[in-house]
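These notes are about the structure you will find just below.
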Amino acid sequence: MKKSTKKNQWQSYNLPNHLGYFGEYGGQFVAETLMPALNELEAAYKKIRSDSHFKKEFKRLLKDYVGRPSPLYEAARLSQKLGHRIFLKREDLNHTGAHKVNNTLGQILLALKMGKKRIIAETGAGQHGVATATMCARFGLSCEVYMGAEDVQRQAPNVFRMKLLGAKVIAVHSGTATLKDAMNEALRDWISNVSNTYYCIGTVAGPHPYPMMVRDFQKIIGEETKQQILKSMNRLPDYVMACVGGGSNAMGMFYPFIKDTQVKLMGVEAAGYGIRSGKHAAAIVGGRLGVLHGQKSYLLQDAEGQIIPTHSISAGLDYPGVGPELSYLADQGRVQIVSATDKEALEGFEMLSHLEGIIPALESSHSLGYLKKYAKKLKKNSVIVLNLSGRGDKDLNTVAKLQKISL
């Protein structure tokens with residue numbers, strides 16, 4: 001990776017550029033048949049960004065329907081154990097149980113403005129699928145969710161939630177039957193049905209304008225966090241941490257802090273069985289530049305450029321790529337990318353459950369596991385904010401199976 005630590009460069013940060021690039025990452029690598037749809041989407045999004053009525057409705061529903069602002073909770077017992085002042089941004093307390101709903105609310109409101117009545121989405125852990133199905137139910141729209149067959153099995157509670165909300169869940173059996181393959185099928189569907197269909201992507205990946213658009217809908221996380229920590233501590237945190245799969249919760253948290261260079265931003269990828277094992281989902285730590293799902297970014301691929309199978313205990317992190325903005329920020333040294341194994345994530349999962357009475361999603365547990373292992377290496381008595389991106393009830397079957405417990 002290229003590294004640059006110049007502080008001045010961040011004061012004027014304003015990416016992506018007009019072509020959808022963050023440095024050399026991003027862009028629109030799609031079939032010609034999709035370009036009109038992407039151009040239509042970009043034009044509609046630029047219009048609503050300056051639409052006061054849209055902004056007012058978005059903020060009203062974030063408050064009245066989603067339940068924002070989510071609390072910034074000081075975890076006293078966790079802080080005592082690890083020797084720092086640790087705050088948790090409680091995205092797990094949002095309606096639907098994760099950060100995903102911030103983005104789906106924004107995109108479904110946009111789809112309505114565009115006159116699209118059929119919504120499709122991809123999902124891994126099911127949280128984005130549930131959030132999309134929820135918003136479609138709220139606004140009376142048709143909803144179809146593509147989900148890898150492997151994830152359908154390990155995330156059965158969320159599959160039931162989506163169906164209960166009126167969505168059709170389409171199991172994808174191709175490839176590794178996980179998130180990558182679900183996204184492949186959703187893109188194929190969109191190509192065939194662009195006139196009446198809106199594709200609601202769940203993370204800061206895909207062709208422009210999705211990485212920018214999803215980031216903008218998710219930046220409420222970091223904006224609230226900054227206000228809350230200043231009110232609580234009268235200062236900004238030393239570290240801000242978030243898990244990284246595609247990157248929506250991380251970019252939502254990091255983006256409002258980019259210009260605050262005294263705040264260290266740390267993204268935690270899924271190391272699976274360990275980076276050296278080759279069985280992981282750490283696209284930045286263990287990958288290289290390539291093109292997937294309409295964007296240029298870091299990918300896990302073999303010497304011939306073929307996408308290699310990934311592994312993570314967490315379905316939501318089990319993806320071979322990452323959003324282009326995170327790739328750029330990592331290369332420039334503004335975000336430090338680290339990783340946590342399945343074992344460390346499970347330790348984080350149990351630690352927070354035992355100490356704070358909060359059962360975290362396995363995605364967020366990667367940040368907790370990394371923090372548990374490396375707390376002693378961080379500056380003493382640091383103020384740390386960790387984005388708790390979702391709740392862990394969806395993962396109880398996975399953890400119970402690993403621990404050989406029958407539910």
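The values are calculated or read from the model by the stated rules, or taken from the named source; none is laboratory data. A quick note: this is a predicted structure, and the numbers were derived from the prediction, not measured. Note: ideal-geometry Cβ built from the backbone for every residue, glycine included; neighbour counts use all protein chains shown. Ligands, DNA and RNA are excluded from the accessible area calculation, which covers all protein heavy atoms including side chains. Shrake-Rupley method; radii C 1.70, N 1.55, O 1.52, S 1.80 Å.
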Practice item. May I ask you to say which residue of L72, L38 is closer than 23 Å to V240 by Cβ, hydrophobic (A, V, I, L, M, F, W, C) and surrounded by 12 or more Cβ atoms within 10 Å (Cβ to Cβ)? Key: L72
Review point. Any residue in the stretch 109-120 that is under 30 Å from V152 (Cβ atoms) and without any contact (Cβ under 8 Å) to a residue 40 or more places away in the chain?
Key: yes
**Study point:** Residue count for the stretch 371-407, restricted to those that are under 22 Å from Q155 (Cα atoms), modelled with pLDDT of 95 or more and part of a loop (DSSP other than H, G, I, E, B)
**Key:** 2
Review point. Within the stretch 2-24, can one find any residue that is open to solvent by less than 10 Å² (accessible area, probe 1.4 Å) and under 25 Å from V240 (Cβ atoms)?
Key: yes
Check your understanding: Can you name the residue in the stretch 258-302 that is without any contact (Cβ under 8 Å) to a residue 60 or more places away in the chain and of a type in the set (K, R) and is also nearest to G20 (Cα to Cα) among such residues?
Key -> R288
Point to revise | Among (1) surrounded by fewer than 24 Cβ atoms within 10 Å (Cβ to Cβ); (2) in contact (Cβ under 8 Å) with a residue 40 or more places away in the chain, the one test that V335 misses | key: (1)
Review point. Does A171 qualify as being surrounded by fewer than 24 Cβ atoms within 10 Å (Cβ to Cβ) and modelled with pLDDT of 95 or more?
Key: yes
Revision key, fill the gap. Scanning the stretch 319-370 for residues that are among the hydrophobic types (A, V, I, L, M, F, W, C), in a helix (DSSP H, G or I) and either within 19 Å of the chain's Cα centre (by Cα) or closer than 27 Å to E122 by Cα (or both) gives L326, L329, A330, A345, L346, F349, L362, L368
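Please verify whether I221 is at pLDDT 95 or above, of a type in the set (A, V, I, L, M, F, W, C), crowded, with 20+ Cβ neighbours inside 10 Å and touching a Gly at 6+ places or on another chain (Cβ under 6 Å), treating the condition exactly as stated.
Judged against the criteria, I221 is a match.
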Review point. Yes or no: L78 modelled with pLDDT of 95 or more and either open to solvent by 10 Å² or more (accessible area, probe 1.4 Å) or acidic (D, E) (or both)?
Key: no
Review point. Can you pull out the residues in the stretch 208-218 that are within 16 Å of F29 (Cα to Cα), surrounded by fewer than 24 Cβ atoms within 10 Å (Cβ to Cβ) and not aliphatic (A, V, I, L, M)?
Key: P209
Check your understanding: Is the stretch 349-356 home to any residue that is within 27 Å of Q228 (Cβ to Cβ), in contact (Cβ under 8 Å) with a residue 24 or more places away in the chain and among the acidic types (D, E)?
Key -> yes
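Which one of H293, H280 is open to solvent by less than 20 Å² (accessible area, probe 1.4 Å) and either out of contact with any Lys or Arg (no Cβ under 9 Å at 6 or more places or on another chain) or modelled with pLDDT under 95 (or both)?
On the way: H293 fails: either out of contact with any Lys or Arg (no Cβ under 9 Å at 6 or more places or on another chain) or modelled with pLDDT under 95 (or both).
Criteria check complete, one pass: H280.
Could you identify the single residue in A361, A375 that is closer than 26 Å to T96 by Cβ and open to solvent by less than 10 Å² (accessible area, probe 1.4 Å)?
When all the criteria are applied, what remains is A361.
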Review point. Name the pairs whose Cβ atoms lie under 8 Å apart, with the first residue in the stretch 38-64 and closer than 19 Å to Y210 by Cβ, the second in a helix (DSSP H, G or I) and among the β-branched types (V, I, T), and 6 or more positions between them or separate chains?
Key: F54/I48
Exercise for review: Specify which of the listed residues (S314, S364, S389, S327) is over 22 Å from D92 (Cβ atoms), of a type in the set (G, A, S), touching a helix residue (DSSP H, G or I) at 6+ places or on another chain (Cβ under 9 Å) and touching a residue at least 60 places away in the same chain (Cβ under 8 Å).
Suggested key: S327
Revision key, fill the gap. Expected output for the stretch 73-99 (first residue without any contact (Cβ under 8 Å) to a residue 60 or more places away in the chain, partner assigned to a loop (DSSP other than H, G, I, E, B) and of a type outside the set (S, T, Y), Cβ below 6 Å, 6+ apart or cross-chain) is N94/G67; H95/G67
Point to revise | Test result for Q127, under 30 Å from L368 (Cα atoms) and without any contact (Cβ under 8 Å) to a residue 24 or more places away in the chain | key: no
